[in-house]
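One structure is given below, encoded as structure tokens.
The values are calculated or read from the model by the stated rules, or taken from the named source; none is laboratory data. Because the structure is predicted, anything quoted here is derived from the model rather than measured. Methodologically, a virtual Cβ is constructed for each residue, glycine included, from the backbone with ideal geometry; neighbour enumeration extends over all protein chains shown. Note: accessible area is taken over every heavy atom of the protein model, side chains too, but ligands, DNA and RNA are not part of it. Shrake-Rupley method; radii C 1.70, N 1.55, O 1.52, S 1.80 Å.
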Amino acid sequence: MKHPLKVGFLQTQPVFGDIENNLKQVEQRLRGMDADLVVLPELFTTGYQFRNQKEARDLAEPIPDGPTTRALMKLSADLNMHIVAGLAEVEGDTVYNSAVLTGPEGYVGKYRKAHIFDTEKNIFAAGNLPLPVFDIGKARVGIMICFDWRFPETARTLTLKGADVIAHPSNLVLLTCPQSMITRCLENRVFAVTADRVGSESRIEGETLRFIGQSQVVDPDGQVLVRASEENEEDHVVEINLADARNKSINPHNDLIADRREDLYRI
Ligand SMILES: NC(=O)CCCC(N)=O
């Protein structure tokens, strides 16, 4: 049984703080894509290197009642496309590093990055929502954000919750993620769509961040179906077969999930 799904990503180079143009460019690029599910990078409208929490709060927006989510909802409706996008979210005085999922039917849900990386801890509160899997009809989509990949429990939990494909908005600065996601997909037999940015930011004295690009789609056998360059803005769509993720058997005698020894996984 085949369950085809066209998945893709936009690899972007946002201008810090220029929300309107960053969003406008992404809108134009999305309107040129034919896909069921497209993943955008982490913090895709603002950029990454906030100087302080106030700056982040001023650039952040509510989800789903903010302008970016509304724009993504319209794009999803116009293009019959599900979109996962990373953006800075404000709720009261708290700022989260979040991701939103929109579809043709409108707002589907959101997630707040659970594992906050390095100096992000000065800006964002740790996520207080469950690790999410959304059933979008054609697929079950899990979401994690960037540094969440470093904790194997994240992808494993999304898998055990039924994710076929993990949407992974990112702003990668360490080189290890792209190759490591091969293992995340292999050990869980899931697809992963990592959408990263390119370019660099040096808004903080003595801290220049270079983003590594290499957005990619990896399949349940750990095959890299497409990987973008390290420095160009790129858009890619590939057709995947979700049946490959729903089949957890490795051979006639081993099933990746059924063979788990939860009786031994106790500390
Ligand atoms: N924005 C991030 O969470 C970066 C995490 C470190 C990495 N994997 O590059």
Residue 20 paired with residue 118, simple spin-label distance in nm, labels 7 Å along Cα-to-beta-carbon: 3.2 nm
Percent of C-alpha pairs per 10 Å bin, the stretch 183-267, short to long: 16, 32, 24, 18, 10, 1
For the stretch 124-189 versus the stretch 221-245, the gap between their alpha-carbon centres in whole angstrom: 15 Å
Separation in nanometres of the label points that stand 7 Å from Cα toward Cβ, at residue 237 and residue 187: 3.3 nm
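Students often get this wrong, so check it: of 6/161; 6/54; 2/110, which have C-alpha atoms separated by over 31 Å? List each step's numbers first, then the result.
Numbers: 6/161 22 Å; 6/54 39 Å; 2/110 28 Å.
Long pairs (Cα-Cα over 31 Å): 6/54.
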Sparse-neighbour loop sites [trypsin sites (Lys or Arg not before Pro); the stretch 55-97; at most 11 other C-beta within 10 Å; DSSP]: none
Label-point separation, residue 250 to residue 226 (7 Å along Cα→Cβ), nm: 3.0 nm
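Where only protein heavy atoms count, and the probe is 1.4 Å, what is the accessible area per residue for the stretch 1-49 in Å²? Working shown, then result.
Numbers: 1940 Å² over 49 residues.
That works out to 40 Å² for each residue.
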Calculated over the stretch 68-131: convex hull of Cα atoms, volume per residue (Å³): 83 Å³
Distance histogram for the stretch 46-205 (every C-alpha pair counted, 5 angstrom bins, percent rounded to whole numbers): 2, 9, 18, 21, 21, 16, 10, 3, 0, 0
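Within the stretch 99-256, what whole-number % of the accessible surface is contributed by carbon and sulfur, with the 1.4 Å probe and all protein chains included in the calculation?
Details: 3200 of 6470 Å².
Carbon and sulfur together cover 49 percent of it.
Gain in length, residue 126 to residue 65, computed as 0.36 nm per residue apart minus the alpha-carbon separation, to one decimal in nm?
Numbers: separation 61, 0.36 × 61 = 21.96 nm, distance 2.10 nm.
Taking residue 126 through residue 65 to full extension adds about 19.9 nm, to one decimal.
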Debye log10 I(q)/I(0) for the chain, one point scatterer per Cα, at q = 0.10, 0.11, 0.14 Å⁻¹: -0.45, -0.55, -0.90
Of 77, 53, 97, farthest towards positive along the dipole that unit charges on Lys, Arg, Asp, Glu beta carbons give the stretch 1-109: 77
J(HN,Hα) series, the stretch 14-27, from Karplus relation 6.51 cos²θ - 1.76 cosθ + 1.60, nearest Hz, glycine and proline x: x, 9, 4, x, 8, 3, 4, 6, 4, 5, 4, 5, 5, 4
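Using a Förster distance of 51 angstrom, determine the FRET efficiency expected from the C-beta separation of residue 1 and residue 267, and round it to 0.05.
Details: r = 39 Å, r/R0 = 0.76.
Once rounded, the FRET efficiency stands at 0.85.
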